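Have a look at the structure below, then the notes.
The values are calculated or read from the model by the stated rules, or taken from the named source; none is laboratory data. Please read these numbers as outputs of a predicted model, since none were measured by experiment. Using ideal geometry, Cβ is built from the backbone for each residue, glycine included, and neighbour counts are taken over all protein chains shown. Ligands, DNA and RNA are stripped out before the accessible areas are found, and what is left, the full protein with its side chains, is counted by its heavy atoms. Shrake-Rupley method; radii C 1.70, N 1.55, O 1.52, S 1.80 Å.
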Amino acid sequence: MKKSIVTTTFFTLFCLLLSGCSQIPTTSSNSQSEQTTATSRQNIFSSSASSEAIFLKKNITGISGSVYQLTFPSDWIEEVDPLSQNKDLEFMIYDKQEREFVACISENKEDFTTLDAYAELVSQRLTRTNNTQIQFNDELMNGEKIKVCEFVSDVQGLKLSYIYQIIETKNHYVQLYGWTFTRLFETSRDRLRNIMSSFDEM
């Protein structure tokens, strides 16, 4: 299935969901702790990738002009026009087979009260869109609290599985999310999670 079909159907359903959360009241969410270290992430990069994959640390300039750093396979492709997929996207990358995707939305922290409140807004929107309760848990990434959830969604007949992370940077709350076909999720999960866990705002 071509990227244009997968991404178009995904972003059609999720455009409203992901396009700014600033006008909805906020509440806090429940938490569950789990520590992730840079060393363990590097080990999983090596073990989850095929023997032919080479992972490189790359800088990506988002639509806003902000620069982000991610470690991902050298043969992955950066979407040249992410705004064609969603007007709020900072960037999107995907594998050459167009089966695994990672995308980013960044919003100004000044528009929200706390990371917990922001995550609750996103959770409410995801829940409404998917007609099932979706709740974020707390994890630690590089010693900082992030919000994480996984869920399955039927997107116009496509069964897709998502990993969602909400990250607080110096000036932004960042929605970083990866997805693939549900039948591929077990073999893709570690790779997607660890690409996302390598995220840094420069």
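Counting only protein heavy atoms and a 1.4 Å probe, segment 68-156 has 42 square angstrom of accessible area per residue. Protection proxy ranking for 76-82, 190-196, 179-185, using the average of other Cβ atoms within 10 Å per residue and placing the highest first: 190-196, 179-185, 76-82. The aspartates and glutamates whose alpha-carbon is closer than 19 Å to the alpha-carbon of Lys57, local same-chain residues fewer than 8 away aside, are Asp75, Glu78, Glu79, Glu90, Asp95, Glu100, Asp190, Asp200, Glu201.
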